[in-house]
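Student: Encoded as structure tokens, here's the structure I'll be asking about.
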Amino acid sequence: MPETTIPAAQIAGDKFEPKIVAFFCNWCTYLAADLAGTSRTRYAPNIRVIRLMCSGRVDPQFVLDAFAKGADGVLIGGCHPGDCHYQEGNYKALRRVRMLKRLLKEMGIEEDRFRLEWISAAEADRLRVAVNDMVEKVRALGPLRLQVPPEVFAEEVNA
Amino acid sequence: MSGNGANGVRVGVYVCHCGTNIAGTIDVRRLAEYAATLPGVVVAREYKYMCSDPGQQLIKEDVRAHDLNRIVVAACSPTLHEKTFRQATAQAGLNPYYFQMVNIREHDSWVHTDKEAATEKAEDLVRAAVRRVKLHEPLERKRVPVKADVLVVGGGIAGIHAALTLADSGKHVYLVEREPTIGGHMAKFDKTFPTLDCAACILTPKMTAVKAHPNITLWTLSSVTRVDGYVGNFTVTVTRKPRYVLEDLCLGCMECIEACVYKQAKTPDEFNLGLSKRKPIYIPFPQAVPQVVVIDPETCIEFKSGRCKKTCVEVCGDRKSIDFQQQERTETIEVGTIILATGFKVFDAARIPYYGYGTYPAVYTALEVERLTNAAGPTSGEIVLRDGRKPKAIGIIHCVGSRDDRTNRYCSRVCCMYSLKLAHLIKEKTEAEVYNFYIDIRAPGKAFEEFYNRVAEEGTLFVRGKVADIYPDPDGSGRLILRAEDTLLSMVRKVPVDMVVLSVGLEAHADAQEVRRLFNITCANDGWFLERHPKLAPVNTFTEGIFLAGCCQGPKDIPDTVAQAGAAAAEALALIDKGYVEMEPNTAYIVEEDCSGCKTCITLCPYNAISFLAEKKKAEIAEVLCKGCGTCVAACPSGSIKQHLFEDAEVFEEITGVLNYA
């Protein structure tokens, strides 16, 4: 196989490491990530967590902005349906995610790059599985290369 | 306070080593050096323990020396030390919200092994925080008074102890229990390990104290059906099922039970786990609290046909304490804090078919044997089989429904010890040979190991191995054969016994998920209620003002349950005595001139905090009702709803920061 002839270090160097922006709710998924920490659950270092009080706080613009600024994937984590700390914020998140999925598809952004996961405060392992799976899938897709240079972005926004 | 001094925004970044917890994985020096290069950062340091006094002192001195006006600390999770550092920021003379915490321990160094990747991640997170903190606005925490009354849910030993502790300190307690009596599982036990105190002797005085206490309102046959509000100000609806006996009038003379038209008791007695029978009108057990009879409408003739002679009413006479018309009632109470002490259920032994529980009459659960050995139990303390025979050999099987991939993987913690106790009690009362089939003997506790040795010296036999099968002895003697691999002898043994005791584990209640939703708390995977921190906040939940006591949080023995109940009471008292709670200022607000009056937000709010001002054609948010979820903020089409602490601009800065964009 041709791969075996390439030095290992070079494979590692060439390996595309996706960057995934994650919006986690304060009560379930953020705490699951904390629990993953205290229980030393290992997962891929590709996610960057932004804490919000509720998945219902995730403005669709946050997702679009993340993609526009170079995220290869966006993950939203909220409480399981029925378990929202604010009763039903996660349902609102679900509605927005469905809308966004259609929009992102139209824009040519692959489905695997955007994900909503219900992860409770006790489910550190579910978090690990979700993150690792997403990182693998996005890695397989390759870089999104959607990042617009800041000056162009600024120009378009201000136009 | 504008926050931005004459010199503009000046950020100080502090990277914590947390010993080697962070520094072992993340290159903290490189991280601090990197932070120093970020625009707006005036000082960046790394320090062994930022949460220590010298660590906090570092921040305070730097604020003075370098005229800092924003602080970023990269350390553990904000759930642990955000408060600490906000306080340090405030003590340095800044608004406490001019602070941002970066979680590089739980979310980084503890979950990643690749040092380079972990350090890069930390750099991204610090960059995001620095960008974000520059936009922070000064905020004030609002104080809300805490109501002094407390709700305790569950009247087992945990609930009883918590209620008495609080009541003794002068607070009013509502104790809600769904059974007709308080006492819980402990009331069913005979003796308690390892001291062999009689459970009833130590429990019943506390039960009567509950009933007699002027500060305790005891509601049995009741359950919580609705919880509204927040820490300090909960509104709780309690549904009280009818007892069909007026509690205030009934003396507990029990003449009605005697007089019931059923001359023979026919219904399996719940308290004795079906080992005896009761009548439709009954008292759960002699020391029940309240000491009042109860009518079971499922079996009472009057409820079934309406044509009973009602001899119970006759014998009650002028007291008129029986009321067939009693209806379900609801009570609404206002409390400041809630203690959940809802306990556990024992593992259903029928789930393991090869142990034959429910098939072979000689197979008992340990709780049933507790009732058999109890002098107040169905056999007056005599250990006899269902057919009246006295067992000559008894096998106790440990870990039934515990430490097993097919049922529950956790150890139920109490089974080893109660099995040893039952072995001792059986030895004391009978001539029987007692075999303990165990995986390991777990006796970690004060005087536990000594108790184990004592039981072993008394002649109880121990076989290390799991029983794989139970079947009738083919010799027709009526005995059961326990087949197990004795792992110390490396051989399969077949032990004939007359009686089998299954040491069943503890499980969360079947309705734990509903209860959790009702109180807006979390369950761990096995259904036990999740504590805020396994070590440092073991009785707190993630919902402020709601505390846990006893086995609803996980299996534990009586001393640990009582200790935890005391701790939960102390936590509640601490809130009540302070008198107020400070609310996180993360509420949403409307920029009125931008509001188009579209009303999108109004239906979204689960707390009805948003109203529409018809004359102005603008939406308005009642700050006291807003809990800060931010759902309306994300939905507002004109961007006129904003949220303190989570402003759109702040989140966008974080996004830009983590992606190192511009």
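The values are calculated or read from the model by the stated rules, or taken from the named source; none is laboratory data. Just so it is clear, the model here is predicted, and its values are computed rather than measured. Neighbour counts are summed over all protein chains in view; Cβ atoms, including those assigned to glycine, are modelled from backbone coordinates with ideal geometry. These area figures cover heavy atoms from the full protein model, side chains too; ligands, DNA and RNA do not enter into them. Shrake-Rupley method; radii C 1.70, N 1.55, O 1.52, S 1.80 Å.
Student: Roughly what would the spin-label model give for B:Arg143 and B:Thr20, points 7 Å off Cα along C-beta, in nm?
Tutor: Distance between label points: 4.7 nm.
Student: Let me ask something additional. Roughly to the nearest percent, how much of the accessible area of chain A is carbon and sulfur, given a 1.4 Å probe?
Tutor: That share works out to 54 percent.
Student: Here is a follow-up. Where both residues lie in chain B, what percent of DSSP beta bridges are antiparallel, nearest 5?
Tutor: Looking only at bridges with both residues in chain B, the antiparallel portion is about 50 percent.
Student: Residue by residue through the range B:312-327, which ³J(HN,Hα) values in whole Hz follow from phi under the Karplus form 6.51 cos²θ - 1.76 cosθ + 1.60 (θ = phi - 60°), with glycine and proline marked x?
Tutor: Going residue by residue, I get 5, 5, 4, 6, 5, x, 5, 5, 6, 8, 9, 9, 6, 8, 3, 10 Hz, with x marking Gly and Pro.
Student: I need the calculated FRET efficiency for the pair A:Arg98 and B:Thr113, taking r as the beta carbon distance and R₀ as 45 Å, to the nearest 0.05.
Tutor: 0.80
Student: Still on this model: Please give the per residue volume of the convex hull enclosing the alpha carbon atoms of the range B:564-637, rounded to a whole number of Å³. List each step's numbers first, then the result.
Tutor: Values: hull volume 8.7 nm³, N = 74.
In the range B:564-637, the Cα convex hull volume per residue is 118 Å³.
Student: Now for a different question. Per-residue Cβ counts within 10 Å, from other chains only, averaged over B:74-82: what number is that?
Tutor: Average per residue, whole number: 2.
Student: If r is the Cβ-Cβ distance from B:Glu270 to B:Val492 and R0 is 30 Å, what FRET efficiency results, to the nearest 0.05?
Tutor: Efficiency, rounded to the nearest 0.05: 0.15.
Student: With a 1.4 Å probe and all protein chains left in place, how much accessible area per residue does the range A:17-158 have, in Å²?
Tutor: Details: 5680 Å² over 142 residues.
Result: 40 Å² per residue.
Student: How about the range B:436-488: which GluC sites (Glu not before Pro) there are in a DSSP loop, with at most 15 other Cβ atoms within 10 Å of their Cβ? Present the calculation step by step, with values, prior to reporting the outcome.
Tutor: Working: sites: B:Glu449, B:Glu450, B:Glu457, B:Glu458, B:Glu485; in loops: B:Glu458.
Answer in residue order: B:Glu458.
Student: Can you list the HN-Hα couplings for the range A:35-46, worked out from phi with the Karplus curve (6.51, -1.76, 1.60; θ = phi - 60°), rounded to whole Hz and with x for Gly and Pro?
Tutor: So the J values, rounded to whole Hz, are 5, 4, x, 5, 9, 6, 7, 8, 8, 4, x, 8.
Student: With 41 Å as the cut-off, how large is the P(r) tail for chain B, expressed as percent of Cα-Cα pairs? Don't skip to the end; give the middle numbers.
Tutor: On the way: 99010 of 218791 pairs.
Considering chain B, 45 percent of its Cα-Cα pairs are separated by more than 41 Å.
Student: Can you give the relative contact order of chain A as a percent, counting alpha carbon pairs under 8 Å and 6+ residues apart? It would help to have the intermediate numbers written out before the result.
Tutor: Values: 240 pairs, mean separation 50.7, N = 159.
Averaging sequence separation for qualifying contacts and normalising by length gives 32 percent for chain A.
Student: Name the long-range amide H neighbours of B:Ile339: under 5 Å, sequence gap of 5 or more, or other chain; modelled H, no Pro or chain starts.
Tutor: B:Leu151, B:Val152, B:Val153, B:Phe547
Student: Taking the Cα atoms only, what angle lies between the long axis of helix B:648-658 and the longest principal axis of chain B, rounded to 10 degrees?
Tutor: So the helix axis and the longest Cα principal axis differ by about 90 degrees.
Student: In deg cm²/dmol, rounded to 500, what helix-only [θ] at 222 nm does chain A give when every DSSP H run of at least 4 residues adds -39500 (n - 2.57) and the total is split over its residues?
Tutor: Estimated from H runs of four or more residues: -14000 deg cm²/dmol.
Student: When the expected Rg is taken as 2.2 N^0.38 Å, what fraction or multiple of it is the alpha-carbon Rg of the protein assembly as shown?
Tutor: Values: Rg = 31.5 Å, N = 821, 2.2 N^0.38 = 28.2 Å.
Ratio of Cα Rg to 2.2 N^0.38 Å: 1.12.
Student: Let me ask another. Please determine, in degrees from 0 to 90 and to the nearest 10, the orientation of helix B:558-578 with respect to the longest principal axis defined by the Cα atoms of chain B, where the helix direction is its Cα long axis.
Tutor: Here the helix axis deviates by roughly 40 degrees.
Student: Using only the heavy atoms of the protein chains and a 1.4 Å probe, how would B:Arg386, A:Arg113, A:Arg128, B:Arg406 rank by accessible area, largest first? Before the final figure, lay out each step's value.
Tutor: Details: B:Arg386 125, A:Arg113 5, A:Arg128 70, B:Arg406 170 Å².
My answer, sorted largest first, is B:Arg406, B:Arg386, A:Arg128, A:Arg113.
Student: Mind checking the angle between helix B:415-429 and chain B's longest principal axis? C-alpha axes, 0 to 90 degrees, to the nearest 10.
Tutor: Roughly 20 degrees between the two axes.
Student: Remind me, relative contact order of the range B:361-413 in percent, using alpha carbon pairs under 8 angstrom and six or more residues apart? Write out the running numbers ahead of the final one.
Tutor: Numbers: 42 pairs, mean separation 9.2, N = 53.
With pairs under 8 Å counted, the relative contact order is 17 percent.
Student: Please list, or write none, the lysines whose alpha carbon is within less than 24 Å of the alpha carbon of A:Lys15, excluding same-chain residues fewer than 8 places away.
Tutor: A:Lys69, A:Lys137, B:Lys115, B:Lys121
Student: Further, regarding this structure: Could you list the residues of the range B:128-151 with an amide nitrogen less than 17 Å from a label point located 7 Å from the Cα of B:Gln87 in the Cα-to-C-beta direction?
Tutor: B:141
Student: Say each of A:Ala159 and A:Phe16 gets a label point 7 Å from the Cα, pointing the same way as Cα to Cβ; how far apart are those two points in nm?
Tutor: With each label placed 7 Å out from Cα toward Cβ, I get 2.7 nm.
Student: Percent relative contact order of the range B:374-522, based on C-alpha pairs within less than 8 angstrom and at least six residues apart? Please report the intermediate quantities before stating the final value.
Tutor: Values: 243 pairs, mean separation 39.2, N = 149.
Computed value for the range B:374-522: 26 percent relative contact order.
Student: Out of residues 5 or more away from B:Ile322 or on other chains, whose amide H comes under 5 Å of its own, with H placed 1.01 Å from N in the peptide plane?
Tutor: B:Leu246
Student: Quick query: amide H of B:Ala44 versus all other amide H atoms, modeled in the peptide plane; which residues come in under 5 Å with a sequence gap of 5 or more or a different chain?
Tutor: B:Val13
Student: Let me have the 222 nm mean residue ellipticity of chain B computed from DSSP H runs of 4+ only, each contributing -39500 (n - 2.57), with the sum over all residues rounded to the nearest 500.
Tutor: Calculated from helices alone, the mean residue ellipticity at 222 nm is -8500 deg cm²/dmol.
Student: Excluding same-chain residues fewer than 8 positions from B:Lys309, which lysines have a Cα within less than 28 Å of its Cα?
Tutor: Of all the lysines, those that pass the test against B:Lys309 - Cα under 28 Å, at least 8 places apart if same chain - are B:Lys241, B:Lys263, B:Lys266, B:Lys277, B:Lys279, B:Lys320.
Student: When you look at the Cβ of every residue in B:536-545, what mean number of other chain Cβ atoms sits within 10 Å?
Tutor: 1
Student: Still on this structure: Pull up the DSSP beta bridges for the protein assembly as shown and report the antiparallel fraction as a percent, rounded to 5.
Tutor: Values: 51 of 116 bridges.
Around 45 percent of the beta bridges assigned by DSSP in the protein assembly as shown are antiparallel ones.
Student: Follow-up question, since we're still on this one. Quick one: accessible area per residue over the range B:410-456, 1.4 Å probe, rounded to a whole number of Å²?
Tutor: 43
Student: Take the alpha carbon atoms of the range B:384-447, find their center, do the same for the range B:453-475, and report the distance between the two centers in whole angstrom.
Tutor: Comparing the Cα centres of the range B:384-447 and the range B:453-475, I get a distance of 9 Å.
Student: Could I ask something else about it? Per residue, what volume in Å³ does the Cα convex hull of the range A:1-149 take up?
Tutor: Values: hull volume 18.6 nm³, N = 149.
Dividing the Cα hull volume of the range A:1-149 by its residues yields 125 Å³.
Student: Could you give each residue of the range B:291-300 its phi-based ³J(HN,Hα) in whole Hz, using Karplus coefficients 6.51, -1.76, 1.60 with θ = phi - 60°, and x for Gly or Pro?
Tutor: For the range B:291-300, the Karplus-derived couplings read 7, 9, 6, 9, 10, 8, x, 5, 10, 6 Hz, x marking Gly and Pro.
Student: Pull up the cross-link candidates among the lysines for B:Lys618, meaning alpha carbon to alpha carbon under 17 Å and not fewer than 8 places away within one chain.
Tutor: B:Lys599, B:Lys642
Student: For peptide A:84-91, compute the average count of partner chain beta-carbon atoms within 10 Å of each residue's beta-carbon.
Tutor: 6
Student: Further question on the same structure: Please compute how much accessible surface disappears when A pairs with B, both sides summed, using a 1.4 Å probe, and round it to the nearest 100 Å². The partial results should precede the final answer.
Tutor: On the way: alone 9550 and 30150 Å², together 35090 Å².
Buried: approximately 4600 Å² between B and A.
Student: Mind ranking B:538-551, B:134-147 by how tightly packed they are, going by the mean number of other C-beta atoms within 10 angstrom, highest first? Numbers along the way, then the final one.
Tutor: Numbers: B:538-551: 24.9, B:134-147: 15.9.
Those peptides, ordered most packed to least, come out B:538-551, B:134-147.
Student: Can I ask one more? Counting other Cβ atoms within 10 Å of each Cβ, which GluC sites (Glu not before Pro) in the range B:276-347 have at most 12 and sit in a DSSP loop?
Tutor: Details: sites: B:Glu298, B:Glu302, B:Glu314, B:Glu328, B:Glu331, B:Glu334; in loops: B:Glu298, B:Glu328.
Those that pass, being in a loop and sparsely packed, are B:Glu298, B:Glu328.
Student: Please compare each pair in A:Lys92/B:Lys142; B:Lys171/B:Lys627; B:Lys147/B:Lys421; A:Lys105/B:Lys616 to a cut-off of 32 Å on the Cα-Cα distance and tell me which ones are over it.
Tutor: The answer is B:Lys147/B:Lys421; A:Lys105/B:Lys616.
Student: Same structure again: Report, to the nearest whole %, how much of the accessible area of chain B belongs to carbon and sulfur atoms, 1.4 Å probe, protein only.
Tutor: Result for chain B: 50 percent of the exposed heavy-atom area is carbon or sulfur.
Student: Just to verify a number: FRET efficiency for B:Asp469 and B:Arg64, C-beta to C-beta distance, R0 = 45 Å, to 0.05?
Tutor: The value I calculate is 0.05.
Student: If you don't mind, there's one more thing I want to ask. How would you classify the range B:92-164 from its alpha-carbon gyration tensor, with a ≥ b ≥ c the square roots of the eigenvalues: rounded for a/c under 1.5, else prolate if a/b is greater than b/c, otherwise oblate?
Tutor: oblate
Student: Please report the spacing between the Cα centers of the range B:601-635 and the range B:75-106 in Å, no decimals.
Tutor: Each part reduced to its Cα centre gives a spacing of 29 Å.
Student: Ok, one more. So which residues in the range B:616-646 end up with at least 30 square angstrom less accessible surface once the other protein chains are there, compared with the chain by itself, probe 1.4 angstrom?
Tutor: Relative to the lone chain, where solvent access is computed with a 1.4 Å probe, the range B:616-646 loses at least 30 Å² at B:Cys629, B:Thr631, B:Ala634, B:Phe646.
Student: Relative to 2.2 N^0.38 Å, what does the C-alpha radius of gyration of the range B:403-537 come to as a ratio? Two decimals please.
Tutor: Normalised Rg, Cα atoms only: 1.31.
Student: Taking the alpha-carbon centroid of each part, what is the distance from the range B:123-182 to the range B:303-345 in angstrom?
Tutor: Spelled out, the Cα-based centre of one part sits 31 Å from the other.
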